[in-house]
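Chemist: The structure under discussion is supplied below as structure tokens; questions concerning it will follow.
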């Protein structure tokens, strides 16, 4: 079963690095050796050191995330500073699938909140789910705001 990457949220720096490499493996069939090759590292052992220690130089971070096709480290850095990150919407027309996906995320957040207040869920997990709901709502808010001024879709 494929992982739903839109729902994945990093809980630590090391977890965010791990999520990036798992994303690269699953979506691009690129293991650590291939990531190192695309990053022009001399040896793939360097990437393993970064994954083990979390001491990746900041100048290599954007290249790493581009190679992996995911920005979990950037998201974690923002969240750890108390900031929220949303994908920039292009003002495209939403459909029922977009709204249903939002509803699923919001239901998950409310369920986690109920579990927390019942003493059945840890705070960090609940905060991750609530943040996902807030990000989803913020995305749709901006999408509605930009609806009359669609931007170029370069995908």
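The values are calculated or read from the model by the stated rules, or taken from the named source; none is laboratory data. Because the structure is a prediction, the values reported are computed rather than measured. Note that each Cβ is placed from the backbone with ideal geometry, even for glycine, and that neighbours are counted across all protein chains shown.
Chemist: Is it the case that residue 36 is out of contact with any strand residue (DSSP E or B) (no Cβ under 6 Å at 6 or more places or on another chain), assigned to a loop (DSSP other than H, G, I, E, B) and surrounded by 16 or more Cβ atoms within 10 Å (Cβ to Cβ)?
Modeler: Details: out of contact with any strand residue (DSSP E or B) (no Cβ under 6 Å at 6 or more places or on another chain): yes; assigned to a loop (DSSP other than H, G, I, E, B): no; surrounded by 16 or more Cβ atoms within 10 Å (Cβ to Cβ): yes.
Against the criterion (out of contact with any strand residue (DSSP E or B) (no Cβ under 6 Å at 6 or more places or on another chain), assigned to a loop (DSSP other than H, G, I, E, B) and surrounded by 16 or more Cβ atoms within 10 Å (Cβ to Cβ)), residue 36 does not qualify.
Chemist: Between 43, 11, 21, 74, which is without any contact (Cβ under 8 Å) to a residue 24 or more places away in the chain and under 30 Å from residue 112 (Cα atoms)? Before you say what the answer is, go through the steps one by one.
Modeler: Values: 43 fails: under 30 Å from residue 112 (Cα atoms); 11 fails: without any contact (Cβ under 8 Å) to a residue 24 or more places away in the chain; 21 fails: without any contact (Cβ under 8 Å) to a residue 24 or more places away in the chain.
The conditions single out 74.
Chemist: Name the residues in the range 18-32 that are outside any loop (DSSP other than H, G, I, E, B) and over 11 Å from the mean Cα position of the chain (by Cα), would you? Write out each step before concluding.
Modeler: Step one: filter the range 18-32 for residues outside any loop (DSSP other than H, G, I, E, B), giving 18-28, 32.
Of everything in the range 18-32, those that are outside any loop (DSSP other than H, G, I, E, B) and over 11 Å from the mean Cα position of the chain (by Cα) turn out to be 18, 21, 22, 24, 25, 26, 27, 28, 32.
Chemist: Inside the range 82-103, can you point out the residues that are on the phi < 0 side of the Ramachandran plot and surrounded by 14 or more Cβ atoms within 10 Å (Cβ to Cβ)? Give the steps one after another, and end with the answer.
Modeler: Taking the range 82-103 first, the residues on the phi < 0 side of the Ramachandran plot are 83-90, 92-103.
Result: 85, 86, 89, 90, 94, 98, 101, 102.
Chemist: Take the range 22-49 and flag every residue that is under 18 Å from residue 75 (Cα atoms) and touching a helix residue (DSSP H, G or I) at 6+ places or on another chain (Cβ under 6 Å). Before the answer, list the steps.
Modeler: At the first step, the residues of the range 22-49 found to be under 18 Å from residue 75 (Cα atoms) are 22-24.
Passing the criteria: 23, 24.
Chemist: Going by the conditions given, is residue 112 assigned to a helix (DSSP H, G or I) and under 30 Å from residue 137 (Cβ atoms)? Give the steps one after another, and end with the answer.
Modeler: Numbers: assigned to a helix (DSSP H, G or I): yes; under 30 Å from residue 137 (Cβ atoms): yes.
Taking the combined requirement at face value, the residue satisfies it.
Chemist: Could you tell me whether any residue of the range 46-65 is part of a helix (DSSP H, G or I) and within 14 Å of residue 8 (Cα to Cα)?
Modeler: For the range 46-65, residues part of a helix (DSSP H, G or I) and within 14 Å of residue 8 (Cα to Cα): absent.
Chemist: Can you tell me which residue among 88, 105 is within 30 Å of residue 147 (Cβ to Cβ), part of a loop (DSSP other than H, G, I, E, B) and out of contact with any strand residue (DSSP E or B) (no Cβ under 6 Å at 6 or more places or on another chain)?
Modeler: Every option except 88 fails the conditions.
Chemist: Now a separate question. Between 143, 66, which is surrounded by 12 or more Cβ atoms within 10 Å (Cβ to Cβ) and either without any contact (Cβ under 8 Å) to a residue 40 or more places away in the chain or within 22 Å of residue 26 (Cβ to Cβ) (or both)? Steps first, please.
Modeler: Numbers: 143 fails: either without any contact (Cβ under 8 Å) to a residue 40 or more places away in the chain or within 22 Å of residue 26 (Cβ to Cβ) (or both).
When all the criteria are applied, what remains is 66.
Chemist: A further question on this structure: So residue 88 ticks every box in (1) more than 16 Å from the chain's Cα centre (by Cα); (2) modelled with pLDDT under 90 but one. Which box is left unticked?
Modeler: Condition not satisfied by residue 88: (1).
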